[in-house]
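Data block below; observations after.
Just so it is clear, none of the values below were taken in a lab; they were calculated from the coordinates. Treat the numbers as computed from the prediction; the structure is a model and nothing was measured. Note that we place each Cβ from the backbone using ideal geometry, even for glycine, and neighbour counts take in every protein chain shown.
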Amino acid sequence: MRNSITITPGPVPGLLGDIAAMHGRYYAREWGFPTYFEAKVAREMGDYLLRYDPARDLVESVLEEGRILGSVTMDGSDPDAAPGQGHLRWFILDDSLAGQGLGKRLLGDAVGFARNAGFSSIYLTTFRGLEPAGTLYARVGFRVVSELAGETWGRAVVEQRLELDL
């Protein structure tokens, strides 16, 4: 890991805009998703930050010299989650950080938070073909519980729901 990289807990200024933009750029470049995807990320993350409760929710930002280069969140107050279930969301890292173990650390922090908060399980939604995130999810024990082919994002993908029992 580069010496100037820090992982900062809690919401930080610029988090919403930077993480929505990172998602928008990555998914447009790699998957052809329209700006609707970025707007959805921004809207949902904004809702999350407005109801953020540090006893039930975790957000960690990866920073380098004040620039946000990644994040992970555990949404324990998601109104759509089952009781006792956390929702892993907005897990992304800048391409320049690949292979440094930061993804593994962020995912481990999120799962550890969920365990310590007393959640019974964690779920996330993704789609088939996203590697290396899929490898990280499998290594910690997430399993695919459902798949659905669709074109929600302007192109055909197989959306997946993954769950991890704690």
What helices in the chain pass both tests, a Cα length along the helix axis of 15 Å or more and a mean Kyte hydropathy of 0.0 or higher, using whole DSSP H runs?
102-116
Stretch Arg155-Glu131 to full length: gain in nm at 0.36 nm per residue minus the Cα-Cα span?
6.8 nm
Relative contact order for the chain: what is it in percent, counting Cα pairs under 8 Å that are at least 6 residues apart?
20 percent
Fewest first, what order do Glu44, Glu38 take by the number of other Cβ atoms within 10 Å?
Glu44, Glu38
Measure off 7 Å from each Cα along the Cα-to-Cβ vector at Arg25 and Lys40, then give the distance between these two points in nanometres to one decimal.
2.2 nm
Dividing the mean separation of Cα pairs under 8 Å (6+ apart) by the residue count of the range 48-114 yields a relative contact order in percent of 29 percent
Convex hull of Cα atoms in the chain, direction-averaged projection (nm²):
9.0 nm²
To the nearest Å, what is the center-to-center distance of the range 11-73 and the range 110-165, using C-alpha atoms only?
17 Å
Send over the per residue convex hull volume for the range 79-166, Cα only, as a whole number of Å³.
107 Å³
